[in-house]
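The structure's right below; bear with me while I get my questions together.
Just so it is clear, none of the values below were taken in a lab; they were calculated from the coordinates. Being a predicted model, the structure only gives us computed values, none of them experimental. Here the Cβ positions follow ideal geometry from the backbone for every residue, glycine too, while neighbour counts run over all protein chains shown.
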């Protein structure tokens, strides 16, 4: 059994008595958050960080252990995050009215009530500053928070992107209607107050329900995109596209993918679910050709821009359903040496998995944000003739129960 260097003695008030490997008590561990234990966002924040990593590794092992084909796969120790607080480059919060003020945070499970987490220790300080002022000005301007129970109000969500490279913030307001009353005044106020706010965007979501994003964005003030540097790459992110919430751990993960790929300059590579292209563009300098596929048109447009921005000419990107795009590119994808997949939480779609298995690629790197769907897909891949060469977990979300995993497979 793996030895735990920290174990709980008391959970009273968010405190845990910490005990070292030699049995000596180190004193109480205090969760570094005023919202604990009421906020559900960071269920591990009352644990010392080494114990968080042990538990995350155990989550991956537990998911693998449900499949006989995976029970002998060794899970390497979790790669820690360089930042444990203030790391979130992406912050999405529900907006609701609360006792004459505005609450921004997460839903309390099983209710329509929102737990306000305006000052959150995992958010960058500048994001917390902008959020607090945004709430104040929205209330002053009479901007009404949305309430899905009676379909009233206007402002549904707020979304922040933070660039650690430039220390800048981009703000997206998700509105219920095509026009957000006083939205332009709010946007100008944010940019006047904070010189580091690059732009304020209105995303229009006219559908009822709890889906966050609508299909249309409209600029209220400033510019739409935010630039981040991850390793040697300069990556631009417009509103509405996926971006990693922890660019510090993301770079460690991308470096690991490059290391596993062992490219010599002669290989043809397919990057499936490529987003705005960070893995594609990290692999491209070592490959002959890399193809990136994603079903989000805006992500593919951005990926092409990122390739040009970084002077990478041996990457090709296409938008559409994964299985359909693989079929459309089949003639070009002959002789593939490596497939990289980085699907959403639900894992690889059945049709896409079938299309992948039809490609005669000797190696695959699977990047996953959900151990359960990863284990399910790996079991299917092993049944089709692959074997797992290695599996390593990464802590993309310190203080939470989320864990990222990278697995290398060989036919």
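Taking only Cα atoms of region 41-94, what ratio of Rg to Rh do you get with Rh as the Kirkwood inverse-distance radius?
1.07
What length, rounded to one decimal in nm, is gained on full extension from residue 30 through to residue 74, with 0.36 nm per residue of separation minus their alpha-carbon distance?
Gain on extension, residue 30 to residue 74, equals 12.6 nm.
What percent of all Cα-Cα pairs in region 122-163 falls in each 10 Å bin, counting up from 0?
Calculated P(r), rounded to whole percents: 24, 45, 27, 4.
Let me ask something additional. To the nearest µm²/s, what D does Stokes-Einstein give for region 246-410 at 37 °C and 0.692 mPa s, using the Kirkwood radius over alpha carbon pairs as Rh?
Answer from the Stokes-Einstein relation: 208 µm²/s.
Still on this structure, please answer the following. Can you give the extra length, in nm with one decimal, that the chain gains between residue 147 and residue 331 once fully stretched, where that is 0.36 nm per residue apart less the Cα-Cα distance?
Details: separation 184, 0.36 × 184 = 66.24 nm, distance 5.07 nm.
Here the segment from residue 147 to residue 331 would lengthen by 61.2 nm.
Could you give the radius of gyration (one decimal) and Dmax (whole number) of the Cα atoms in region 90-230, in Å?
Calculated on Cα positions, Rg and Dmax stand at 14.1, 43 Å.
Oh, and also: Using label points projected 7 Å from each Cα along Cα→Cβ, tell me how many nm separate residue 358 and residue 98, to one decimal.
About 5.1 nm, to one decimal.
Counting helices only, and only those DSSP H runs with n ≥ 4, report the 222 nm mean residue ellipticity of the chain as the sum of -39,500 (n - 2.57) divided by its residues, in deg cm²/dmol to the nearest 500.
Per the formula, -8000 deg cm²/dmol.
For region 47-163, what percent of Cα pairs sit more than 24 Å apart?
Across region 47-163, Cα pairs with separations above 24 Å total 48 percent.
For residue 308 paired with residue 248, estimate the spin-label separation in nm (one decimal), with each label point 7 Å from Cα along the Cα-to-Cβ line.
Between residue 308 and residue 248, the label points sit 3.4 nm apart.
Show me the ranking of peptides 113-124, 59-70, 266-277 by mean Cβ neighbours inside 10 Å, starting with the highest.
Top to bottom by mean Cβ count within 10 Å: 266-277, 113-124, 59-70.
Let me ask something additional. Just to be sure I understand the model, the point goes 7 Å from the Cα along the line to the Cβ. What's the resulting residue 83 to residue 111 distance in nm?
With each label placed 7 Å out from Cα toward Cβ, I get 3.1 nm.
Could you tell me the ratio Rg/Rh of the chain? Both radii from Cα atoms, Rh via Kirkwood.
Rounded to two decimals, Rg/Rh equals 0.98.
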